[in-house]
Structures are given as C-alpha cells and as structure tokens.
Amino acid sequence: MFGADKGHVPADDLRHNGKKLKIGIVQARFNAGVTDALALACKTELLALGVQEKHIDLVTVPGALEVAIALQAMAEKSHYDALVALGCIIRGETYHFELVANESGSAVTRIALDYQLPIANAILTTEDLAQAQARQEEKGRDAARVAVEMANLLESIG
C-alpha cells in the first residue's frame, strides 16, 4: 500500500490524521547521513499529517542496538500514541550485520507488544550505502504514516 505511493497522504484521511497524536522518534546516529535524512523525512511527513511540532519528540542514540532501550523508556512514560525507530545497518564483512539487524528488529517488536504501543520500524538493513540512500526519504515518510495509522487504529479498537 505505502510502497506504491511515493507521495504525501492527505491528513483528512481519518487513518492518517495526526492532529491529536503525540509521537516519539528514536534515531540512531551511526550512519548519520542516512539517519538524518530518515528523521527529516519522517518529521516532515508527521507535520503534513497534522501532528503538531510540539507533539513530536526526537531523541538520538549511538546505534541501532541502543534504539530499543530509548524506545522502552519512552513507552514507559505512557504519553505517546506511537513511536518510530530510525536507523541504518549496512552489511559488512562479518556476522555483526546479522546480529545487529536481528537483535534490533526483535527488540523493537518486543517493546511494541509488551507496551501495546505502535512502533514503526524504519531501521534500514541494506547491502551498501547506495541502497540505504535510495530508501532513506521514502522509508522515513512510510514510518510516519505507519505510526499515525496504527495509533489511530489502536484508538478505534480501544
């Protein structure tokens, strides 16, 4: 659904109306060129979806493995409607890529389930920098849309 649409989703679409939402973003600083672009695209899309700037909190952590602990701390505050995980893991020559990708991904999912809080996971896992750069803006926007849609869905179920 989102992959085919590279444009902005109108905020008047009820699923994507962020006017009443508070969103937390955790950005890994490792591969900062990519993660800065992810964060900018995410924040820009959140604003376009109606989330007020004062209701968007962004924190940074050293790398993808540290994203989970910051997400958990934000989830424990209980005043976020959704969270976003941003990072970039690029394959290297060792098993470290798989370890970081798998552990960070499972930790993000576990926190979402434990706290019943939507977390849009935009921790990119790519073969090289060019792949990451090709995805950074689209995946940043996608993460914003997912966070808003899932926050609204859980509110409607609740």
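Every number here is computed from the coordinates shown, using simple stated rules; none is lab data. Note that the coordinates shown come from a computational prediction; the quantities given were computed from them, not determined experimentally. Cβ placement follows ideal geometry from the backbone for every residue including glycine, while neighbour counts extend to all protein chains displayed.
Loop by DSSP (not H, G, I, E, B), at most 15 other beta-carbon atoms within 10 Å: where is the longest site-free stretch of the chain for chymotrypsin sites (Phe, Trp or Tyr not before Pro)? List each step's numbers first, then the result.
Details: sites that count: 2, 95.
Segment 3-94 is the longest.
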In nanometres, what is the gap between the two model label sites at residue 155 and residue 19, each 7 Å from Cα along Cα-to-Cβ?
1.0
Peptides ranked, highest mean first, by Cβ atoms within 10 Å: ranges 66-78, 117-129:
117-129, 66-78
Specify which residue in the list 60, 152, 38 is farthest towards the positive end of the charge dipole of region 20-157, using unit charges on the beta carbon of Lys, Arg (+1) and Asp, Glu (-1), about the Cα centre.
152
Return the long-range amide H neighbours of residue 25 (sequence gap of 5 or more, or a different chain), with a cut-off of under 5 Å between placed amide H atoms.
57, 58, 59, 84
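Set the Förster radius R0 to 35 Å, insert the Cβ-Cβ distance between residue 103 and residue 53 as r into 1/(1 + (r/R0)^6), and round the FRET efficiency to 0.05. Before the final figure, lay out each step's value.
On the way: r = 32 Å, r/R0 = 0.93.
Efficiency, rounded to the nearest 0.05: 0.60.
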For region 35-76 and region 82-107, what is the centre-to-centre distance using only Cα atoms, to the nearest Å?
17
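Quick check on the exposure proxy: order 94, 35, 109 from fewest to most C-beta atoms within 10 angstrom. Walk me through the numbers on the way to the answer.
Details: 94 8, 35 25, 109 14.
Ascending number of Cβ neighbours within 10 Å: 94, 109, 35.
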Which of 126, 115, 79, positive extreme of dipole for the chain (C-beta unit charges):
79
So what's the Cα pair-distance distribution over region 20-157, bin width 10 Å, in %?
13, 47, 32, 7, 0
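Let me have the relative contact order for the chain, percent, based on Cα pairs under 8 Å that are six or more residues apart. Mind showing how you got there, number by number?
On the way: 297 pairs, mean separation 49.9, N = 158.
That works out to 32 percent.
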If you restrict to DSSP beta bridges whose two residues both lie in the chain, what percentage is antiparallel, to the nearest 5?
0
Nearest 20 debye, what's the magnitude of the dipole of the chain about its Cα centre given +1 on Lys and Arg Cβ and -1 on Asp and Glu Cβ?
340
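If you stretched the chain out fully between residue 29 and residue 77, how much longer would it get, using 0.36 nm times the residue separation minus the C-alpha to C-alpha distance? Provide the component values of the computation, followed by the final result.
Working: separation 48, 0.36 × 48 = 17.28 nm, distance 2.29 nm.
Length difference between fully extended and current span is 15.0 nm.
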In Hz, Karplus ³J(HN,Hα) per residue of region 49-56 (6.51, -1.76, 1.60; θ = phi - 60°; x = Gly, Pro)
7, x, 5, 6, 4, 5, 9, 10
